[in-house]
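Notes for the one structure printed next.
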Amino acid sequence: MSPYRRYKFPWRPGNRFETLVDSSVFFPRMLDTIGTARHYILLEMYLVTSGAVTDRFIAALLAAAARGVQVYLLLDDFGAQRLTPHDRARLARPGIEIVYYNPLHSYSRLYNLYRILWLKTTRGLYRNHRKLLLIDGECAFAGGAGLTDEVEPPHAPGLQWRETMVEIHGPVLADWQRLFAESWDRYAEQPLGLPAATPAAVSDGGKGRVTVNEARRRMGIQRSLLKQIKRAEHRIWFATAYFIPSWTLRRRLKQAAGRGIDVRLLLPGPITDHPGARYASRRYYARLLHSGLRIFEYTPRFFHAKTVLCDDWVTIGSCNFDRWNLQWNLEANQEIDDPAMAGAVAAMFEADYANSVEQTAEAWAQRGWHQRLLEWFWRRVERLSLKIRHRRRR
């Protein structure tokens, strides 16, 4: 079977990757790169809210447009609902084009619930959760960060989200640009129309592949992850912000631990933006711990990174691997097969483990009834949400 059937893009050699940890590192790097743009900027974001972070990016984009750079913004309509009319007006200028992915009928939650539960239409649930900044077909940033002060609170820098982005150079940039163009062309009045990116291979660069999930139509990220877990020989280190895995993923992880693989989960601790999701995920702890997995909860700040390390294979991107994301969202990850990059990611994991609390099967069995009740309740809520199914209305 052609790799374009099972996976949207093939593996490509000759790429350079660098992990960027926390917004104090990757936001300045992204802004500096915008400042060097000569031809075009592609920015694809899920969460964009008005505030100090977005102000910095708007200023950089306006400056780029003023010097003749063409700017294309692809924003998810739901994720950008807190972008104020003032900021939208600032961006409505020559040289900047904005497209909103899957526009909603309304931002009213009650009306949207009415459409889902009564009218049986779930079209509004399909969202673009990808995060990408691509400059001139020469450099890109991908990962899990949105443009919001929640990621980097201006008055509480110590509470910035623990987040990871990857900086990318090399042939895989052509695939990232093609992916952007496909989503853009679906909702824009005019197609993107940029020439295909042709970045040169980096000498001594590593192999990379862009993998995507397309809301149940193509599940390349999930398929690749399960394959890597099955073939792992030494370690499977798995970090995500929302751990509500499928039965198949849980089974693969337990099987790997059973054959002696070092399987570790790195998940958010008490500081989280969705406490319900954390309680729902903790329903899985007991069986996973008894199967030999190790579970670490990151405590200093909210842990929002999405990274998996299987031996020397790495994936970093927007996908949380929870069942809601897999059913409804567009996701994109950068896969990397490179021992040097794997070493850097392993060091990143080790630093995070040092700032985490490890849960053990013995301690977990002693947790109180209040904790158990919250886990039971949110597990039921999670199961109800998964019963929503797509029904076309004509």
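Just so you know, all these numbers are worked out from the coordinates, no wet-lab data involved. These numbers were taken from a predicted model, which means no experiment stands behind them. Positions of Cβ are generated from backbone atoms using ideal geometry, with glycine treated the same way; all protein chains shown enter the neighbour counts.
General remarks:
- Using R0 = 41 Å, the C-beta based FRET efficiency linking Ala196 and His370 works out to 0.10.
- What the phi angles of segment 156-161 give under the Karplus curve with 6.51, -1.76 and 1.60, with θ = phi - 60°, is a coupling list of 8, x, x, 10, 4, 4 Hz, glycine and proline written as x.
- For Pro339, net neighbour charge (Lys/Arg +1, Asp/Glu -1) across residues whose Cβ lies under 10 Å away: -4
- For Leu309, the shell of other residues with beta-carbons less than 10 Å away shows a net charge of 0, using +1 for Lys and Arg and -1 for Asp and Glu.
- Cα-based shape type of segment 260-340, given that a ≥ b ≥ c are square roots of the gyration tensor eigenvalues and the cut on a/c is 1.5: oblate
- Within-11-Å neighbourhood charge of Ala181 [Cβ basis; K, R +1; D, E -1]: -2
- Helical runs assigned H by DSSP (4 residues or longer) give the chain a calculated mean residue ellipticity at 222 nm of -11000 deg cm²/dmol, each run adding -39500 (n - 2.57) before division by the residue total.
- Cα-Cα P(r), segment 9-204, percent of pairs per 10 Å interval: 8, 34, 36, 17, 4, 0
- Taking the C-alpha atoms of the chain, convex hull volume expressed per residue in Å³: 150 Å³
- Total lysine pairs under 29 Å (Cα atoms) in the chain, excluding pairs fewer than 8 apart on one chain: 26
- Full extension of the chain between Glu18 and Ala346 gives 116.8 nm of extra length, using 0.36 nm per residue less the Cα-Cα distance.
- Cα-Cα P(r), segment 207-394, percent of pairs per 5 Å interval: 1, 8, 16, 20, 22, 17, 10, 4, 2, 1, 0
- Average Cα contact separation per residue, the chain, under 8 Å, 6 or more apart, as relative contact order %: 19 percent
- Prolate/oblate/rounded label for segment 2-100 (Cα gyration tensor, a/c 1.5): prolate
- Acute angle (nearest 10 degrees) that the helix 172-187 long axis makes with the longest principal axis of the chain, alpha-carbon atoms: 80 degrees
- With contacts taken as Cα pairs under 8 Å at a separation of at least 6 residues, segment 218-348 carries a relative contact order of 29 percent.
- Taken along the Cα-to-beta-carbon direction at a fixed 7 Å, the label points for Arg287 and Glu358 span 2.4 nm.
- Segment 29-80: C-alpha gyration tensor shape, a/c 1.5 cut-off, then a/b vs b/c: prolate
- The length gained by stretching the chain between Arg231 and Arg93 to full extension, at 0.36 nm per residue less their Cα-Cα distance, is 44.6 nm.
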